[in-house]
Amino acid sequence: MKKKKDNFPALLNLMRKLRSDDGCPWDREQTHQSLLPYLIEEAYEVIDTIELEDDERFKEELGDLLLQIVFHAQIAEEEGRFDIYEVIRHLCDKLKARHPHVFGKRKVTSKKDVLKNWEHIKLSTVREKNKSVLSGIPRHLPALLKAYRVQEKVARFDFDWKGPEEVFSKIEEEIDELKKALRSEKTKMKKGRSKPAKIEGEMGDILFSWVNLCRHLNINPEFALRRTIDKFVKRFNYIEKELKRKKIPLKKAGLSLLDSLWEQSKRLTDLKA
């Protein structure tokens, strides 16, 4: 049996074998671009296992995510760009540089100081000429999570509301603006000059403000909405099962019966919570 410390080199050798001429045809054909969907999928599967608190699956999904990192590093090595050890070395150097309060002489008094230092150090080491506090946020993050990260980052430079009450006021202001836009849109529709982009913009402002409120309440909006979606799906599944038991087609059930079954599903959900 191999010692634990031998596992990582064994994984790298396995990956090289799979990519070799006498390895796997599918693995040989993969590129950084073709692997992108798997990288995203595996990251979300790790999130699922954390929420389920299933250690065996958590361990397995972390392995699947690690495979994607090793896979990309192997392709890069074959292209003569870098290898996995350069990835690890770069990560170690970055962690040391961004924790001067641990590996240097800088003093901090709170977690807020740590995060603020992290952003200042990161900004000072960005290679791009037009560096920005927000430039490191991935373009393809889900919109709710991206809004949260944007707000979180600028808040570390004190560009933020003082507390939830101010955000509530902003939300009310944005809702009023949406109402005005809707009234204006109705008038324009009558005159044949409709511009729905205005309404979309106002709705986006409301959503952005709601994300700000979540952040001030220490709630991740992406996870909060995911849980609500899961709850909705379970309740609607209950409705479908009850209709099937009663032999009533969904399209013929009618709103009154659907509402009644929805309330039943809510009571059952509350009992199990």
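The values are calculated or read from the model by the stated rules, or taken from the named source; none is laboratory data. Nothing here was measured: the structure is a model prediction, and the numbers come from that model. We place every Cβ from the backbone using ideal geometry, glycine too, and count neighbours over all the protein chains shown.
Table for the structure above
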{"quantity": "Of the criteria (1) at pLDDT 95 or above; (2) over 20 Å from Leu91 (Cβ atoms), which one Asp6 fails", "calculated": "(1)"}
{"quantity": "Those residues of region 44-90 which are of a type outside the set (A, V, I, L, M, F, W, C) and more than 22 Å from the chain's Cα centre (by Cα), in sequence order", "calculated": "Glu56, Gln74, Glu77, Glu78, Glu79, Gly80, Arg81, Asp83, Tyr85, Glu86, Arg89, His90"}
{"quantity": "Enumeration of residues in region 237-273 that are of a type outside the set (D, E, K, R), within 26 Å of Glu51 (Cα to Cα) and without any contact (Cβ under 8 Å) to a residue 24 or more places away in the chain", "calculated": "Asn237, Leu271, Ala273"}
{"quantity": "Residue check, Val87 assigned by TED's automatic domain parsing to the domain that holds Leu35, surrounded by 13 or more Cβ atoms within 10 Å (Cβ to Cβ), touching a residue at least 12 places away in the same chain (Cβ under 8 Å) and closer than 30 Å to Asp230 by Cβ", "calculated": "no"}
{"quantity": "For Asn218: the one exception among (1) within 28 Å of Glu51 (Cβ to Cβ); (2) assigned to a helix (DSSP H, G or I); (3) modelled with pLDDT of 90 or more; (4) not β-branched (Val, Ile, Thr)", "calculated": "(2)"}
